Structures are given as structure tokens and as C-alpha cells.
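Visitor: Please see the structure below; I have some questions.
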Amino acid sequence: MENTDLKLTAQAWADIVIKNWLSKIERLRINYSYQLSDSFVHHVLANAGGDIQRIEFAFAFYGRMVDMGVGKGVKISLVKERHYEGFRRRPKPWYSVTLYAEVKKLREILQTKYAIKAATTTVEILLGG
């Protein structure tokens, strides 16, 4: 039988997101001291019925600065206008691109899970169970 535990699914998804972030961080060589990779945690909040309310990720804040290519004299306006020549900082998109792709996958997974739960509930009602 298909697993319909939404909280368990969300926790597994969050683990995959963090794994993909760590992979991207390694490929982009931005984990100089491992403080960023060691800082990742997630928490899934669900209601009593098991429906997911929120998925929270936490990690060292400087990781977002690296993602955007800002800090140490490089403002977001310079990055958006691509005027970062001469600066050592450039955007290294490890966070936003990965999260966007993974949220799309989660949406598809949850659609399937909710459809299975609805069908199962309907069958149980019709069979008087």
C-alpha cells in the first residue's frame, strides 16, 4: 500500500533538499570552513490530521549572501545590474534555484498523496468502514 503519511513525506523531502544544497555547495566550492554545511536543519509543522502547515529550513545566514553574491562592499543593486566586475564576489546560486526546483517536485508528490488519501477515504465511506 502507498505511504500516505504527509508529514513523513515532507520530512523525507526536506532531507533531500538539504542533500541537494550540500551537493551544490560542494560543486560551487563555497563551503570553506564547513560552517554552512554543518548549520542545516529542518522542521516540518503539521496539524493534528497530518496535513502539512509549514516546512522550515535554517542555516547560517551568510549562505544567502553567497547565493546572491552580496556582502563586503558589493550591494544587491550592483549584482542585479551585473556591475560586479572588479569585485571578487559573484552570485553562486546554491539556494534559490535548488529550492525552486524541489518545491515543484514536492507539489507534484503532495498532489498524488492527497489524491490517494481522498480515494482511500471515499472507498472506506462507501464500504461502510
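Visitor: Kindly check whether there is at least one residue in segment 36-43 that is modelled with pLDDT under 85, more than 30 Å from Ala118 (Cβ to Cβ) and of a type in the set (Val, Ile, Thr).
Guide: No, segment 36-43 contains no residue that is modelled with pLDDT under 85, more than 30 Å from Ala118 (Cβ to Cβ) and of a type in the set (Val, Ile, Thr).
Visitor: Ok, one more. What are the residue pairs meeting all of these: first residue in segment 89-106, first residue touching a residue at least 24 places away in the same chain (Cβ under 8 Å), second residue part of a loop (DSSP other than H, G, I, E, B), Cβ atoms under 6 Å, and 6 or more apart or on different chains?
Guide: Partner pairs satisfying both residue conditions: Pro91/Gly69; Lys92/Ile30.
Visitor: Let me ask something else about it. Have a look at Ala119, Ala101, Ala46 and point out the one that is of a type in the set (Gly, Ala, Ser), surrounded by 13 or more Cβ atoms within 10 Å (Cβ to Cβ) and modelled with pLDDT of 85 or more.
Guide: Unique residue meeting the criteria: Ala46.
Yes/no per residue for (1) free of Cβ contacts under 8 Å to residues at least 40 places away in the same chain; (2) of a type in the set (Gly, Ala, Ser); (3) touching a Pro at 6+ places or on another chain (Cβ under 9 Å):
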position: Asp5; (1), (2), (3): no, no, no
position: Thr9; (1), (2), (3): no, no, no
position: Trp13; (1), (2), (3): no, no, no
position: Ile18; (1), (2), (3): yes, no, no
position: Ser23; (1), (2), (3): yes, yes, no
position: Leu28; (1), (2), (3): no, no, yes
position: Ser33; (1), (2), (3): yes, yes, no
position: Leu36; (1), (2), (3): yes, no, no
position: His42; (1), (2), (3): yes, no, no
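Visitor: Sticking with this structure for a sec: So if I check each of Glu108, Glu2, Glu81, Glu85, which one is under 30 Å from Thr121 (Cα atoms) and either modelled with pLDDT under 80 or aliphatic (A, V, I, L, M) (or both)?
Guide: When all the criteria are applied, what remains is Glu2.
Visitor: Could you list, in sequence order, all residues of segment 1-51 that are assigned to a strand (DSSP E or B) and touching a helix residue (DSSP H, G or I) at 6+ places or on another chain (Cβ under 7 Å)?
Guide: His42, Val44, Ala46 - these are the residues of segment 1-51 that are assigned to a strand (DSSP E or B) and touching a helix residue (DSSP H, G or I) at 6+ places or on another chain (Cβ under 7 Å).
Visitor: Another question, if that's okay. Considering only residues that are at pLDDT 80 or above and over 30 Å from Ala115 (Cα atoms), which ones fall in segment 49-78?
Guide: Ala58, Phe59, Ala60, Phe61, Tyr62, Gly63, Arg64, Met65, Val66, Asp67
The values are calculated or read from the model by the stated rules, or taken from the named source; none is laboratory data. Computed from a predicted model, the values in this text were never measured in an experiment. FYI the Cβ positions are ideal-geometry reconstructions off the backbone, even for glycines, and counts take in every protein chain you see.
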